[in-house]
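Here the structure comes first, spelled out in structure tokens, and everything after it is commentary.
The values are calculated or read from the model by the stated rules, or taken from the named source; none is laboratory data. The model shown is predicted, which means the values in this text are computed figures rather than measured ones. Methodologically, a virtual Cβ is constructed for each residue, glycine included, from the backbone with ideal geometry; neighbour enumeration extends over all protein chains shown.
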């Protein structure tokens with residue numbers, strides 16, 4: 001099931017989109033927002049797969065929101081919904097994968113959702129060769145941590161911690177940079193977590209009812225978000 005965030009300051013426009021999405025199999029609205037600030041808060045809260053975003057709203061515009069969304073480590077797919085077509089060129093200069101004119105027609109919405117739901121990098125994998133170690137700042141200075149000892153990376157606001165067999169250390173790199181650097185040796189399991197694929201032993205149910213991963217030689221079990229659970233399952237089944 002693909003989770004959708006609907007962002008529009010007009011209640012009737014939001015309600016109309018929600019009704020149409022309810023009639024399309026495989027998609028559901030998990031949250032709504034009325035402006036850019038609320039949209040970013042809801043993305044943090046529910047981690048949607050797709051965002052339907054109005055362009056002209058009070059405060060920051062939808063184009064501004066798109067730029068903020070594009071800076072996220074693991075941004076959702078973005079589809080603009082607007083009553084004005086003069087923003088099309090500027091909209092496609094952002095991370096948007098679709099552009100719908102109001103009043104949105106059901107068939108156009110469905111086509112845009114299908115495009116937005118195409119397999120992402122986690123499902124496709126990459127062919128980039130990974131390095132053999134990473135560097136971390138410790139009390140001893142700069143240390144090299146062999147990738148074979150690394151189990152996963154966890155982001156907390158501006159900081160990324162690497163968890164490995166000898167402990168954990170802070171890194172200067174972002175998750176996005178690590179994902180690009182390490183290629184298909186890592187999998188994205190949460191918007192704030194990357195896991196070394198070769199050290200995954202099982203996908204398990206967590207005590208809270210969600211999912212987590214059991215890793216080799218590590219008691220800590222990183223959480224798998226609802227958004228990434230299906231792709232992680234599929235990837236593990238194909239190993």
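Tell me whether the range 216-234 contains one or more residues that are surrounded by 19 or more Cβ atoms within 10 Å (Cβ to Cβ), farther than 27 Å from residue 45 by Cα, modelled with pLDDT of 90 or more and in contact with a strand residue (DSSP E or B) (Cβ under 6 Å, 6 or more places away or on another chain).
No: the range 216-234 contains no residue that is surrounded by 19 or more Cβ atoms within 10 Å (Cβ to Cβ), farther than 27 Å from residue 45 by Cα, modelled with pLDDT of 90 or more and in contact with a strand residue (DSSP E or B) (Cβ under 6 Å, 6 or more places away or on another chain).
So that you can scan it fast, the table gives a plain yes or no per residue for (1) outside any helix (DSSP H, G or I); (2) touching a strand residue (DSSP E or B) at 6+ places or on another chain (Cβ under 6 Å); (3) over 20 Å from residue 117 (Cβ atoms):
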position: 25; (1), (2), (3): yes, no, no
position: 31; (1), (2), (3): yes, yes, no
position: 41; (1), (2), (3): no, no, yes
position: 44; (1), (2), (3): no, no, yes
position: 51; (1), (2), (3): yes, yes, no
position: 60; (1), (2), (3): yes, no, yes
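Check off (1) outside the structural domain of residue 225 (by TED's automatic domain parsing); (2) at pLDDT below 90; (3) out of contact with any strand residue (DSSP E or B) (no Cβ under 8 Å at 6 or more places or on another chain) for residue 180 and give me the number that stays unchecked.
(1) is the only condition that residue 180 fails.
If you scan the range 198-228, which residues turn out to be part of a helix (DSSP H, G or I) and free of Cβ contacts under 8 Å to residues at least 24 places away in the same chain?
198
Quick check on my filter: what residues within the range 199-209 are modelled with pLDDT under 90 and either surrounded by 14 or more Cβ atoms within 10 Å (Cβ to Cβ) or out of contact with any strand residue (DSSP E or B) (no Cβ under 8 Å at 6 or more places or on another chain) (or both)? Quick ask: steps written out before the conclusion?
Step one: of the range 199-209, the residues modelled with pLDDT under 90 are 206-209.
Listed by number, the residues that qualify are 207, 208, 209.
Starting from residues that are surrounded by 10 or more Cβ atoms within 10 Å (Cβ to Cβ) and within 19 Å of the chain's Cα centre (by Cα), keep the ones in the range 137-162 and report whichever is farthest from residue 215 (Cα to Cα).
Among them, the one singled out is 159.
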